[in-house]
1. Would you please list the contacts, defined by Cβ atoms under 8 Å and residues six or more apart or on different chains, that run from a residue in the range 83-94 that is at positive phi and modelled with pLDDT under 70 to a residue that is loosely packed, with under 12 Cβ neighbours inside 10 Å and assigned to a loop (DSSP other than H, G, I, E, B)?
2. Can you name every residue in the range 43-76 that is more than 17 Å from residue 93 (Cβ to Cβ) and part of a helix (DSSP H, G or I)?
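The values are calculated or read from the model by the stated rules, or taken from the named source; none is laboratory data. This one's a predicted model, so the numbers in the text were calculated from it and none came from an experiment. In this analysis, Cβ positions are derived from the backbone assuming ideal geometry, glycine residues included, and neighbour counts consider all displayed protein chains.
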């Protein structure tokens, strides 16, 4: 795989909605593509680190147990219980 810091950053448009939606679905369902979610998350972490970002925040619905476990397996910690419908905020310091 290429170094993610060398890849161009491209902003998605509405024309990309189907592709982005599918990627997000597969990301959350990691097993569907043999670790695609892990590879994408690692690339995102590497990119944030290369730009000297200090942490990554991800919001996850409390009821989405599989997604919560995915992020916890990758070093994220729930730091803020949600209000209303319980959106949880996961954080990973880099």
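1. Note: pairs meeting the criteria are 86/63.
2. Hits for the range 43-76 are 43, 65, 66, 67, 68, 69, 70.
Here is a yes/no grid of residues against (1) in contact with a strand residue (DSSP E or B) (Cβ under 8 Å, 6 or more places away or on another chain); (2) closer than 23 Å to residue 80 by Cβ; (3) at pLDDT 80 or above:
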| position | (1), (2), (3) |
| --- | --- |
| 6 | no, no, no |
| 12 | no, no, no |
| 20 | no, no, no |
| 25 | no, no, no |
| 30 | no, no, no |
| 39 | no, no, yes |
| 43 | no, no, yes |
| 46 | no, no, yes |
| 55 | yes, yes, yes |
